[in-house]
Amino acid sequence: MTGSAQAVSPARFLQGSGNSHFNGNPVTIQTTRSGSTYSLTDPTRPGLKCANAAGVVFTKPVDTWGNGQGTNLETACVDVMFGVQKFSDMLAQWLGRNGIDGAGNSYPARVGLNQLENQWNVSSVHFGHNQANTKQLVSLDMVTNEYGQIVFNTTGNGGGPAATPEGTALAESTGDIFGAMNEHYVNHPVALDEPDYTVGEEVNVYGAGPIRYMYNPSLAGHPNCYTSAPITDPSSAAGPQNHWFYLLAEGTNPPGKPASPVCWGPSTLTGLGIVKAGRIFYAGLQLKTYPWTHGKARAATVHAAKTLFGCAEVNATKAAWTAVNVSPQAGEVTC
Ligand SMILES: [Ca+2]
Ligand SMILES: [Ca+2]
């Protein structure tokens, strides 16, 4: 050992430049340098890194990434890193949550899955492609949907995938709600991926546009409102809670945004805005118990609205649940 400065080359925290497909060019993504090699490894959100389908993390000798093409997997990783980093920032700034798991940590991603869907396999998130094979499923809402379901699984007490069909539907909806919140947090212009309450509008998974419409789930053939009938398809059954969230955030007739029908009760609701609605939703999630149900979600969010805000918000939360046919619960807080 000479003790020279060359003996140790610590990892460096960097701001890389990406040419994304969905989020513009250039975008800034946090990367890592070790020696002369740059890596799509997040230096400040432990666990987040982006790899190919074989699990090899993307590395190169320069800190510029992607070519903007929808079929290019390095580009897909630019969109993944951007989306998860923004989601983590949104969770911190809007909801006061520390990381995806609430304890400062995130999770690894892989792109290049040869499926028409994204998958979470308990240790990493795998991203597929659309039916036309022209785009990877890595738009802001699709990335946030997967990582948002991890938030669901690491908040409160259970009720996630491999639990009940109703819990799985509420987990899927949680991913959609966080996806809409992240799009609003990033607030891209219309030329990119502007904020909305549709899911997958930028990736066009099956060639038929969005896979879910939060303001009116029936546009994709999904239920707008809760019923006690057994849930057979949790993706479709994300509809009622998605619809509740839209009514709570935006109301029935928001200026410049889609109108939203009600199934029950008063025909006109006024929204609280997406940040306030998101805070109520997330505080409700922290009260989650197993098995999680729409009725419990109603009671928990009503409780959260009173704890965080006041009677106007309690009443708005109740009205939005009633509008999607989730009835008042025993012991529900009052004003
Ligand atoms: Ca959008
Ligand atoms: Ca969207």
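Relative to the longest principal axis of the Cα atoms of the chain, helix 274-285 runs at roughly 90 degrees.
Near Gly271: Cβ cut-off under 15 Å, other residues only, Lys/Arg at +1 and Asp/Glu at -1. The net charge is +1. Using only Cα atoms, find the angle between the long axis of helix 311-323 and the longest principal axis of the chain, and express it within 0 to 90 degrees, rounded to the nearest 10. Taking Cα atoms only, the helix is inclined about 80 degrees. Enclosing the Cα atoms of segment 11-138 in their convex hull gives a volume equal to 103 cubic angstrom per residue. The value given for segment 40-115 is a Kirkwood hydrodynamic radius of 13.0 Å, derived from the mean inverse Cα-Cα separation.
Amide H contacts for Trp65 (H built 1.01 Å from N in the peptide plane; partners 5 or more residues away or on another chain; cut-off under 5 Å): Ser17, Gly18, Asn19. For Tyr38, the residues whose modelled amide H falls within less than 5 Å of its own, excluding neighbours fewer than 5 places apart on the same chain, are Lys60, Val62. Model label points for Asn253 and Ala92, set 7 angstrom from Cα along the Cα-to-Cβ axis, are 4.2 nm apart. Under the convention that each Lys and Arg Cβ holds +1 and each Asp and Glu Cβ holds -1, the size of the dipole of the chain around its Cα centre is about 640 debye. Binning the C-alpha pair distances of segment 65-161 at 10 Å intervals from 0 yields a P(r) profile of 16, 48, 28, 8, 0 %, listed from the shortest bin outward. Computed from backbone phi, the HN-Hα couplings of segment 150-155 come to 5, 4, 4, 5, 10, 10 Hz, rounded to whole numbers (Karplus: 6.51 cos²θ - 1.76 cosθ + 1.60, θ = phi - 60°; Gly and Pro given as x). Hull volume per residue, based on the alpha-carbon atoms of segment 216-267 and their convex hull, is 78 Å³. Between Ser123 and Ala54, full extension at 0.36 nm per residue minus the direct alpha carbon distance yields a gain of 23.4 nm. The length gained on full extension between Ala229 and Thr64, counted as 0.36 nm times the residue separation minus their Cα-Cα distance, comes to 54.3 nm. Put simply, the chain fits an ellipsoid with semi-axes of 37, 21, 17 Å; these come from the alpha carbon gyration tensor as the roots of five times its eigenvalues, largest first. The stretch between Leu219 and Thr307 holds 28.2 nm of extra length on full extension. This uses 0.36 nm per residue minus the Cα-Cα distance. Using alpha carbons only, the radius of gyration of segment 160-335 set against its Kirkwood radius gives Rg/Rh = 0.94. Each peptide in 239-246, 250-257 receives the mean, over its residues, of other Cβ atoms within 10 Å, and ordering these scores from highest gives 239-246, 250-257. Solvent-accessible surface of segment 160-335, averaged per residue with a 1.4 angstrom probe and all protein chains in place: 39 square angstrom. Of the accessible area of the chain, with the probe set at 1.4 angstrom, what percent is carbon plus sulfur? Looking at the chain in its full context, I get 52 percent from C and S. Near Thr307: Cβ cut-off under 14 Å, other residues only, Lys/Arg at +1 and Asp/Glu at -1. The net charge is +1.
The values are calculated or read from the model by the stated rules, or taken from the named source; none is laboratory data. Everything numeric here is computed off the predicted structure, so don't read it as measured data. Every residue, glycine among them, receives a Cβ derived from its backbone with ideal geometry; neighbour counts consider all protein chains shown. Just so you know, the surface numbers come from the protein's heavy atoms only, side chains and all, with ligands and any DNA or RNA stripped out. Shrake-Rupley method; radii C 1.70, N 1.55, O 1.52, S 1.80 Å.
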